[in-house]
Amino acid sequence: MAELDDIIHQPLRLKIMAALNSLPATAAGLEFSRLKKLTGATDGNLGAHIETLAKAGYVSVEKAFVGKKPQTTVTATAAGRGAFARHVATLQEIIAGRQG
Amino acid sequence: MIDSKQASEALAEIDDMVQRVRRSRVYDIASQMMILWGALVFAGNIATWLQPREGYPIWLAVYVLGLAGSFAISASRQAKTGVRGFDRRMFVAFLLCIAFGYFCALVLGHFSPRQQGAFWTIYFMLFYALAGLWLAYAFVAIAVCITMLTLVGYYFVAGDAFVPWMAVVNGVGLIGGGLWMRRS
C-alpha cells in the first residue's frame with residue numbers, strides 16, 4: 001500500500017512540485033520570482049520550503065547572475081519527479097477508495 | 001492518512017498550478033512576440049504614412065522581419081523552457097491567413113488603402129481573439145480593444161490622420177498588451 005509523501009504533501013511544497021513537474025524534464029526550471037508569483041508565497045516562506053525540497057533531493061537550486069541581477073532557478077530532479085508521480089498516484093488511489 | 005475529499009482537493013490544487021504555469025508560459029512567449037510585432041506594425045504604419053506609394057514593400061518587410069523575429073524568439077524560449085512557440089505549422093497557418101486576407105482585400109474586395117488599414121488589423125485581431133478562447137482570455141481582451149479603436153478610427157478619424165492613428169492603436173496597442181501580459 002503506497003504512502004503519501006509527507007515532504008510533498010505540505011500545501012506550498014505541493015504547489016511548488018506541481019509547478020516544476022508541469023515543465024518538460026528538459027526545461028531549465030522556474031525562476032524564484034516566477035515561482036513566488038505562481039504560488040502567491042512570501043520570499044521567506046517560499047525559500048524555506050524550497051530548501052526542504054532541496055534537502056530531500058527533490059529539487060535542485062541554481063544561483064546565477066543575469067546581467068547584474070542575481071537569479072535563482074529551481075528545477076525538479078529525477079528523484080523529485082518520481083516522488084511527485086507516486087504522490088499523485090497515491091492521491092488517486094485514495095479517491096478511488098483503495099485507501100483511507 | 002487523508003480522506004478522499006482532501007485527496008480531491010490536493011489534486012485540484014495540482015491541476016490549478018499546472019494551468020497557472022501553462023498560462024504563464026503562454027504569456028511569456030506571447031508578450032515578447034506582441035512587443036516585436038507591435039514595434040514592426042508601428043514602424044510599418046509610420047513608414048506607409050510617410051511613403052504611401054511604397055506600401056507593399058514596406059509591409060512585405062514588416063512580415064518578413066516579424067516572421068524571422070518570431071522564429072528567433074521561439075528558438076530562444078525553446079532552449080529555456082523546452083517548448084517551441086512558433087513552429088512550421090504556425091508558419092504555414094500564418095501564410096494561409098495572409099493569402100486569404102489578400103484574396104479578400106484585393107481580389108474580391110478591391111479595398112482602398114484606408115479599408116485595408118482597418119481590414120488587416122481587424123482580421124489579425126480575430127485570430128488573436130480565437131486563440132485567446134483556448135490559450136488565455138487576455139488575448140481576447142487585447143483583440144477586442146484594438147478592434148474597437150480601429151473601428152473608431154475608421155469611422156471618425158478623417159483623411160491621412162487614419163494611418164498614424166492605426167500606428168498608435170495597432171502598434172502601441174500590441175506593445176502595451178505585451179507589456180501587460182509580461183506583468184500578469
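If you take the residues of the stretch A:73-100 that are among the small types (Gly, Ala, Ser) and either more than 19 Å from A:Gln10 (Cα to Cα) or surrounded by fewer than 18 Cβ atoms within 10 Å (Cβ to Cβ) (or both), which of them is farthest from the other protein chains (Cβ to nearest Cβ)? Ranking the qualifying residues of the stretch A:73-100, first place goes to A:Ala79. Report, ordered by the first and then the second residue, all pairs with beta carbons closer than 9 Å, sequence separation of six or more or different chains, a first member in the stretch B:138-166 that is under 20 Å from B:Val26 (Cα atoms), and a second member that is charged (D, E, K, R) and open to solvent by less than 40 Å² (accessible area, probe 1.4 Å). Hits for this filter: zero, empty list. Remark: B:Arg89 matches the filter, which requires a residue to be free of Cβ contacts under 8 Å to residues at least 12 places away in the same chain, closer than 30 Å to B:Ser24 by Cβ and either open to solvent by 30 Å² or more (accessible area, probe 1.4 Å) or among the polar types (S, T, N, Q) (or both). When the residues of the stretch B:21-56 are narrowed to those that are open to solvent by 80 Å² or more (accessible area, probe 1.4 Å) and more than 18 Å from the chain's Cα centre (by Cα), which ends up farthest from B:Gly171 (Cα to Cα)? Ranking the candidates gives B:Arg22 first. If the condition is being at pLDDT 75 or above and in contact with a helix residue (DSSP H, G or I) (Cβ under 7 Å, 6 or more places away or on another chain), then the stretch B:75-86 contributes B:Arg77, B:Phe86.
The lone criterion from (1) in contact (Cβ under 8 Å) with a residue 60 or more places away in the chain; (2) open to solvent by 10 Å² or more (accessible area, probe 1.4 Å) left unmet by B:Phe127 is number (1).
The values are calculated or read from the model by the stated rules, or taken from the named source; none is laboratory data. What you see is a predicted model, and the numbers here were worked out from it, not measured in a lab. Note: ideal-geometry Cβ built from the backbone for every residue, glycine included; neighbour counts use all protein chains shown. Note: areas computed on protein heavy atoms with side chains; ligands, DNA, RNA excluded. Shrake-Rupley method; radii C 1.70, N 1.55, O 1.52, S 1.80 Å.
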